[in-house]
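Each remark here refers to the structure printed beneath this line.
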Amino acid sequence: MRSRIVRASLLLGYLASIGRWMDMPVYGASADSAPDWSGQTAARYLDDREIWWQQWPRAQRDQGTICISCHTVVPYAMVRPWLTQKLGETGIAAPEKTMMDSVEKRVRHWSEMAPFYSDEKYGKGKAVESRATEAVLNAVVLASYDSRQGNLRPITRTAFDEAWTLQQQTGELAGGWKWQDFHLGPWEAAESGYQGAALLMIQALNAPDGYASEPEVRRHLDQERDYLRRGYAAQPVVNQLYILWMSVKEPGLLTRQERKALLSTIRGLQQPDGGWRTMAIDKRERVDHSPEPMESDGYATGIAVLAMEESGTKLRDRSLQRGRKWLAEHQGKNGAWSARSINKQRDPNSDAGPFMNDAATAYAVLALESGK
């Protein structure tokens, strides 16, 4: 009789656990790191924002193409293929397909496409900056997709070739690229080209079919590595985090002492609530002299946690655990993580108001899943 009661209790406990599992969100962080969060609502938010961007009049470019934004499109391209795979979706999300079609069209007809920004409208040198920036980001977008599919497509090779063609060979920027500079951090400022170069190297190293080991590609990557090494010490912390991100896959980018110092800096900048704030890792004067945001945000916390994870920091690391916990606890009901402009105070209901949220959401998802 006692054994039957025990078996019945075990069965009821098992069924209850199944019920709880079925009620959980699509994703759940490990028990020792963070509570549950929802990948489905994150995907829905990112899809909705990509649709909005594709319809925004200011994002429209020639021949029916769409501008690639560093805050909305590029992070979306980096994370959406992964979400598709992990959510068990079939095919490609509709807004992702529209985005990919536009990028591929611009890559395929590169010589016929007008730059996103012209000298006539935006000032001398902006067309050259725009062209180089777009070439890098085209390769980042397409390689992000291919790395999840496990096959490097010819169109992605073409995008890389277009970026390598515009890689600087001499001068201060040798190994890097001229970059779009509108004095707006973190993606359109003087130092943003360093971050863009680092992001391209990350995608080249992750590209399938042994792309990074091809002799001609390796030559370009060696030039890029030299550029990143030369400029590392002068970079804001946010840019150094991208180097930490790829340091395992590209030995020699960081010395042991530099890695230790950067990790110490990151831990020192972590806020009492476990998160990080963007103004602390990318210090700059706000153009409207408004008070800088003091609260932790999804972008800074996402990139800090992601870089620590990708560089081999153990999940039992207390600082990393606290960062992951902050991320999992701060997803909004709409699926997004929040962040605020580091340049000036923006109306959250304006067109530009949610741009930082878009990047924050993508990096938060990448961080939460990278450490699993």
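The values are calculated or read from the model by the stated rules, or taken from the named source; none is laboratory data. All of these numbers come straight from a predicted model, not from anything done at the bench. Don't worry about glycine lacking a Cβ; one is built from the backbone with ideal geometry, like all the others, and counts go over all protein chains shown. Surface areas here come from the heavy atoms of the whole protein model, side chains and all, with no ligands, DNA or RNA. Shrake-Rupley method; radii C 1.70, N 1.55, O 1.52, S 1.80 Å.
Going residue by residue through region 197-213, is there one that turns out to be part of a loop (DSSP other than H, G, I, E, B) and in contact with a helix residue (DSSP H, G or I) (Cβ under 7 Å, 6 or more places away or on another chain)?
Start the filter on region 197-213 by keeping residues that are part of a loop (DSSP other than H, G, I, E, B), which leaves 207-210.
Add one more test, that the residue is in contact with a helix residue (DSSP H, G or I) (Cβ under 7 Å, 6 or more places away or on another chain), and what stays is 207-208.
Yes, some residue in region 197-213 is part of a loop (DSSP other than H, G, I, E, B) and in contact with a helix residue (DSSP H, G or I) (Cβ under 7 Å, 6 or more places away or on another chain).
Which residues, taken from region 103-145, are over 30 Å from residue 209 (Cβ atoms), assigned to a helix (DSSP H, G or I) and in contact with a helix residue (DSSP H, G or I) (Cβ under 6 Å, 6 or more places away or on another chain)?
119, 126, 127
Looking at region 279-288, is at least one residue open to solvent by 70 Å² or more (accessible area, probe 1.4 Å), at pLDDT 95 or above and part of a loop (DSSP other than H, G, I, E, B)? Steps first, please.
Our first condition is that a residue be open to solvent by 70 Å² or more (accessible area, probe 1.4 Å); within region 279-288, this holds for 283, 285, 287.
Still in the running and at pLDDT 95 or above: none.
No, region 279-288 contains no residue that is open to solvent by 70 Å² or more (accessible area, probe 1.4 Å), at pLDDT 95 or above and part of a loop (DSSP other than H, G, I, E, B).
One residue is enough: does region 211-219 have a residue meeting the conditions in contact with a Leu (Cβ under 6 Å, 6 or more places away or on another chain), surrounded by 15 or more Cβ atoms within 10 Å (Cβ to Cβ) and touching a residue at least 40 places away in the same chain (Cβ under 8 Å)? If you could, list the steps in order and put the result at the bottom.
Just the residues of region 211-219 that are in contact with a Leu (Cβ under 6 Å, 6 or more places away or on another chain), to begin with: 211-212.
Then keep just the ones that are surrounded by 15 or more Cβ atoms within 10 Å (Cβ to Cβ); that gives 211-212.
Add one more test, that the residue is touching a residue at least 40 places away in the same chain (Cβ under 8 Å), and what stays is 211.
Yes.
In region 79-102, which residue that is modelled with pLDDT under 95 and assigned to a helix (DSSP H, G or I) is surrounded by the most Cβ atoms within 10 Å (Cβ to Cβ)?
83
Could we say that residue 369 is in contact with a strand residue (DSSP E or B) (Cβ under 8 Å, 6 or more places away or on another chain), outside any loop (DSSP other than H, G, I, E, B), open to solvent by 20 Å² or more (accessible area, probe 1.4 Å) and of a type outside the set (Val, Ile, Thr) here? I'd like the intermediate steps shown before the answer.
Working: in contact with a strand residue (DSSP E or B) (Cβ under 8 Å, 6 or more places away or on another chain): yes; outside any loop (DSSP other than H, G, I, E, B): yes; open to solvent by 20 Å² or more (accessible area, probe 1.4 Å): yes; of a type outside the set (Val, Ile, Thr): yes.
Taking the combined requirement at face value, the residue satisfies it.
From the list 292, 329, pick out the single residue that is open to solvent by 30 Å² or more (accessible area, probe 1.4 Å), out of contact with any Leu (no Cβ under 8 Å at 6 or more places or on another chain), of a type in the set (Asp, Glu) and at pLDDT below 95. I'd like the intermediate steps shown before the answer.
Working: 329 fails: at pLDDT below 95.
None of the others qualify; the one that does is 292.
Quick check: is even one residue across region 170-180 open to solvent by 30 Å² or more (accessible area, probe 1.4 Å) and hydrophobic (A, V, I, L, M, F, W, C)? Spell out the reasoning first.
So in region 170-180, the residues open to solvent by 30 Å² or more (accessible area, probe 1.4 Å) come out as 170-173, 178.
Of the ones still in play, those that are also hydrophobic (A, V, I, L, M, F, W, C) are 173.
Yes, region 170-180 contains a residue that is open to solvent by 30 Å² or more (accessible area, probe 1.4 Å) and hydrophobic (A, V, I, L, M, F, W, C).
Looking at (1) open to solvent by 70 Å² or more (accessible area, probe 1.4 Å); (2) in contact with an Asp or Glu (Cβ under 7 Å, 6 or more places away or on another chain); (3) modelled with pLDDT of 95 or more, find the lone condition where residue 76 falls short.
The number of the failed condition is (1).
So for region 229-252 (the condition being of a type outside the set (Val, Ile, Thr), open to solvent by less than 70 Å² (accessible area, probe 1.4 Å), under 20 Å from residue 78 (Cβ atoms) and in a loop (DSSP other than H, G, I, E, B)), does at least one residue qualify? Please lay out each step first, then the result.
Looking only at region 229-252, we keep the residues that are of a type outside the set (Val, Ile, Thr), and these are 229-236, 239-242, 244-247, 249-252.
Filter again for open to solvent by less than 70 Å² (accessible area, probe 1.4 Å), leaving 231-232, 235-236, 239-242, 244-247, 250, 252.
Still in the running and under 20 Å from residue 78 (Cβ atoms): 239-242, 244-247, 250.
Going one step further and asking which of them are in a loop (DSSP other than H, G, I, E, B), we end up with 247, 250.
Scanning region 229-252 turns up at least one residue that is of a type outside the set (Val, Ile, Thr), open to solvent by less than 70 Å² (accessible area, probe 1.4 Å), under 20 Å from residue 78 (Cβ atoms) and in a loop (DSSP other than H, G, I, E, B).
If you go through region 40-56 one residue at a time, do you hit one that is under 19 Å from the mean Cα position of the chain (by Cα), outside any helix (DSSP H, G or I), at pLDDT 95 or above and surrounded by 11 or more Cβ atoms within 10 Å (Cβ to Cβ)?
No, there is no match, as no residue in region 40-56 is under 19 Å from the mean Cα position of the chain (by Cα), outside any helix (DSSP H, G or I), at pLDDT 95 or above and surrounded by 11 or more Cβ atoms within 10 Å (Cβ to Cβ).
Please tell me if residue 170 is modelled with pLDDT of 95 or more and part of a helix (DSSP H, G or I). Explain how you work it out, then say what you get.
Working: modelled with pLDDT of 95 or more: yes; part of a helix (DSSP H, G or I): no.
Here the answer is no, as residue 170 does not meet what is asked.
What number of residues within region 34-52 are within 30 Å of residue 121 (Cα to Cα) and touching a residue at least 24 places away in the same chain (Cβ under 8 Å)?
Within region 34-52, the subset within 30 Å of residue 121 (Cα to Cα) is 49-52.
Filter once more, so that each one left must be touching a residue at least 24 places away in the same chain (Cβ under 8 Å): 49-51.
Total meeting the criteria: 3.
Output the number of residues of region 292-331 satisfying the condition of being in contact (Cβ under 8 Å) with a residue 40 or more places away in the chain and either part of a loop (DSSP other than H, G, I, E, B) or among the β-branched types (Val, Ile, Thr) (or both). It would help to see each step written out before you state the result.
Let us first name the residues in region 292-331 that are in contact (Cβ under 8 Å) with a residue 40 or more places away in the chain, namely 292-293, 297-313, 315-316, 319-331.
After this cut, where a residue has to be either part of a loop (DSSP other than H, G, I, E, B) or among the β-branched types (Val, Ile, Thr) (or both) as well, the list is 292-293, 297, 301, 303, 305, 311-313, 315-316, 330-331.
The number of residues fulfilling the criteria is 13.
Report the residue count in region 253-272 for those that are more than 22 Å from the chain's Cα centre (by Cα) and surrounded by 15 or more Cβ atoms within 10 Å (Cβ to Cβ). Spell out the reasoning first.
Of the residues in region 253-272, the ones more than 22 Å from the chain's Cα centre (by Cα) are 255-258, 260-261, 264, 268, 272.
Now narrow it down to the ones that are surrounded by 15 or more Cβ atoms within 10 Å (Cβ to Cβ): 258.
The number of residues fulfilling the criteria is 1.
Does region 335-349 include one or more residues that are farther than 19 Å from residue 236 by Cβ, in contact (Cβ under 8 Å) with a residue 24 or more places away in the chain and not in a loop (DSSP other than H, G, I, E, B)?
Taking region 335-349 as the starting set, the residues that turn out to be farther than 19 Å from residue 236 by Cβ are 335-338, 345-349.
Filter once more, keeping what is in contact (Cβ under 8 Å) with a residue 24 or more places away in the chain: 335-338, 345.
Filter again for not in a loop (DSSP other than H, G, I, E, B), leaving none.
No.
Picking from 157, 148, which residue would you name as being under 22 Å from the mean Cα position of the chain (by Cα), surrounded by fewer than 24 Cβ atoms within 10 Å (Cβ to Cβ), in a helix (DSSP H, G or I) and at pLDDT below 95?
Residue meeting the stated conditions: 148.
Residue 265 is checked against (1) part of a loop (DSSP other than H, G, I, E, B); (2) in contact with a helix residue (DSSP H, G or I) (Cβ under 8 Å, 6 or more places away or on another chain); (3) among the β-branched types (Val, Ile, Thr) and fails just one. What number does that condition carry?
(1)
Condition first: surrounded by fewer than 23 Cβ atoms within 10 Å (Cβ to Cβ), touching a Cys at 6+ places or on another chain (Cβ under 8 Å) and more than 17 Å from residue 139 (Cα to Cα). Can you find one or more residues in region 61-70 that meet it?
Our first condition is that a residue be surrounded by fewer than 23 Cβ atoms within 10 Å (Cβ to Cβ); within region 61-70, this holds for 61-67, 69-70.
From what is left, the residues that are touching a Cys at 6+ places or on another chain (Cβ under 8 Å) are 61.
Then drop every residue that is not more than 17 Å from residue 139 (Cα to Cα), which leaves 61.
Checked region 61-70: at least one residue is surrounded by fewer than 23 Cβ atoms within 10 Å (Cβ to Cβ), touching a Cys at 6+ places or on another chain (Cβ under 8 Å) and more than 17 Å from residue 139 (Cα to Cα).
If the Cβ limit is 6 Å and pairs must be 6+ apart or interchain, which residue in region 190-207 that is small (Gly, Ala, Ser) pairs with which residue that is surrounded by fewer than 22 Cβ atoms within 10 Å (Cβ to Cβ) and modelled with pLDDT of 95 or more?
190/181; 204/212; 207/152
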